[in-house]
Amino acid sequence: MSASSGPQHTGRRTFAIIAHPDAGKTTLTEKLLLFGGAIHLAGEVKARGDARRARSDWMKIEQQRGISVTSSVMTFERDGVTFNLLDTPGHEDFSEDTYRTLTAVDSAVMVLDVAKGVESQTRKLFEVCRLRNVPIITFVNKCDREGREVFETLDEVAELLQLDVTPMTWPVGMGGTFEGIYDLRTNRLLLPEGPSREFNGEVVQTTGLHDPQLDAILSADNLAKLREDAELALAGYAEFDGEAYRNGDLTPVFFGSALKEFGIDSLIEALAAHAPPPHALPAEPAPVAPDNPEVTGFVFKVQANMDPNHRDRIAFMRLVSGTFKRGMKLTPTGHGKPIAIHSPIMFFAQQRELADEAFPGDIIGIPNHGVLRVGDTLSERAQVRFTGLPNFAPEILRRVALKDPTKTKQLRKALDDLSEEGVVQVFYPEIGSNWIIGVVGQLQLDVLLSRLEAEYKVGAVLEPAPYDTARWLGGEAADVKAFMDLNRGALAKDRDGDPVFLAKSAWEVGYVADRYPAVKFLATRER
Ligand code: G4P
């Protein structure tokens, strides 16, 4: 399969899976790839379960950068549609990396564990999707196990996430009594097979819930419950409305089991039929539509030091418009000269492939030596800049202290590099020389220390900082300056030289915001 044989952007679905750890994201990813024919053996996407979450293992995986890169973007085709699945890092702490990946997708699949419903991490990721109106298809996983009542799950999604829900499929029994999945829209019944119902088996086309075929196949109890529940659901929940879904107001809900390969087909079909293809994205001076002939894109992720001997980096660019051809010259807006992209990388499931052509919605890996940064726009004429790639106010701030004070220069270089990559944010206080780093999750701190040591040979310790949070400043220049003149002791610059207010507490942010109503204290900064 080569990119050139693929259809244009209308046949592209660029999406991510969002889930709380353990809900089954890895398993579902494998099965989607398997169904899409991208891999022949499931089980190879990445380490999972306890092994992945054990910190030391996770670091090892991260250090073997090749693994996480090949699984960062997975492309598969089915029935003429090209799916680009972008991996969101799956660890417990949320990281900016995850958020940024969500800026590069057109839709998301939200995986819930049928026994647990909407969990904390799901909710945070959902909020990011909502901020950007990313439409969501819900997949309720592990229906082969005991779970909650279907209605309970549906109502929880509706209430917690403030969304209309439309059940598209319905599980027939659960756990010990699981007998399959009924597709409410196509009236197909998906049956399990094997002595302990472990396989994806026959698909029976019925004429509806009252088809007598069902009496012969399903146990009387399950069938009675299916008929009653499904009828109640069809009457009680919103009808599926493609536009409401694409606006982010409604989520179609599918039930299934990633492990047992149930409901995967219905999910892929729904993505193909309803998920939005690439559309216009906000930019200055004007939004850029995918059919704009000029090649444009933006960098949403950078991975550095994949090979420690070469200090190379891969910038992941989402193509927004035009047809990209290998060897093309693109210019990062605002800085730098045109870069000829001779060896772009497309990410197929198990191997990297050189790309000759790519279309809007595709992701291209661009090897470079640190020129490209997260948030950069690349284009042929350098006259456009994509907006809306957020930096998040850090929730944990630490002072960095060197074990060997002669390494100041190396530390500065490392912090600049790692902040460009989005591992941490770095703030240089106006007064004093102790650099402050900020993260949104604890795990980022461990990654920082380990990478400083391994890749830059800098031993450092992190000390508590006298600050609790940070805010970017916005508003009229004169108002911002007046604030800055009077608060120098609490000011720092971020890596781009933009002023940041370091606050001792969230309360202090509220306090200064009241005192300086003309100044905006921003929890996110858009580049
Ligand atoms: P994650 O990426 O969201 O963290 O979840 P992952 O796919 O790793 O799945 C977490 C655990 O849930 C795994 O079990 C996996 O096998 C199991 N699982 C995933 N989907 C289903 C499903 O549809 N039904 C059932 N019954 N289990 C499912 P584990 O014991 O942690 O790992 P493993 O040793 O089985 O690989």
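The values are calculated or read from the model by the stated rules, or taken from the named source; none is laboratory data. Everything numeric in this text was worked out from a predicted model, so none of it was measured. Every residue, glycine among them, receives a Cβ derived from its backbone with ideal geometry; neighbour counts consider all protein chains shown. Surface accessibility is based on the protein's heavy atoms, side chains included, excluding ligands, DNA and RNA. Shrake-Rupley method; radii C 1.70, N 1.55, O 1.52, S 1.80 Å.
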Expressed in angstrom, Rg and Dmax over the Cα atoms of the range 390-526 are 15.0, 46
Restricted to pairs 8 or more residues apart or on different chains, the lysines in the range 390-526 with C-alpha atoms under 14 Å apart form a number of pairs equal to 6
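Got a sec? What order do Phe521, Phe178 fall in by accessible area at 1.4 Å, biggest, i.e. largest, first? Intermediate results must be reported in sequence, preceding the final value.
Values: Phe521 35, Phe178 5 Å².
The ordering from most to least exposed comes out as Phe521, Phe178.
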Between Arg412 and Ala286, the two model label points (7 Å from Cα along the beta-carbon direction) sit apart by a distance in nm of 4.4
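Ordering Glu420, Glu228, Glu380 by accessible area with a probe of 1.4 Å, largest first, what comes out?
So the residues, ranked largest to smallest area, are Glu228, Glu380, Glu420.
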Share of accessible surface on carbon and sulfur in the range 110-258, whole %, 1.4 Å probe and ligands ignored, is 48
Of all GluC sites (Glu not before Pro) in the range 101-146, the ones in DSSP coil with at most 11 other Cβ atoms within 10 Å are none
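Based on Cβ point charges of +1 for Lys and Arg and -1 for Asp and Glu, what charge dipole magnitude is obtained for the range 374-435 about its Cα centre, in debye rounded to the nearest 20?
On the way: 9 positive and 9 negative charges, 55 e Å.
Magnitude of the dipole: close to 260 debye.
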Rounded to the nearest 0.05, FRET efficiency between Trp507 and Thr186 (Cβ-Cβ, R0 56 Å) equals 0.55
For the pair Ser450 and Arg326, the simple spin-label estimate (label points 7 Å beyond Cα toward Cβ) gives in nm 3.5
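How much accessible area per residue does the range 390-526 have, counting only protein heavy atoms and a probe of 1.4 Å, in square angstrom?
The answer is 46 Å² per residue.
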For His210, the accessible surface traced by a 1.4 Å probe with all protein chains present amounts, in square angstrom to the nearest 10, to 120
Computed over the range 110-258, the distribution of all Cα-Cα distances in 5 Å bins, rounded to whole %, is 2, 10, 19, 22, 19, 14, 9, 4, 1, 0
By the C-alpha gyration tensor axes a ≥ b ≥ c (rounded if a/c is under 1.5, else prolate when a/b exceeds b/c, else oblate), the shape of the range 445-527 is prolate
Result for the range 110-258: accessible area per residue, probe 1.4 angstrom, in square angstrom, of 43
Ranking Pro464, Ile436, Leu402 by how far each Cα lies towards the positive end of the charge dipole of the range 390-526 (+1 on Lys and Arg Cβ, -1 on Asp and Glu Cβ), the top one is Leu402
Excluding residues fewer than 8 positions from Lys329 in its own chain, the aspartates and glutamates with Cα under 13 Å of it are Glu294, Glu380
Once the in-chain neighbours fewer than 8 apart are removed, the lysines whose Cα is under 22 Å from Lys31 read Lys46, Lys116, Lys142, Lys260
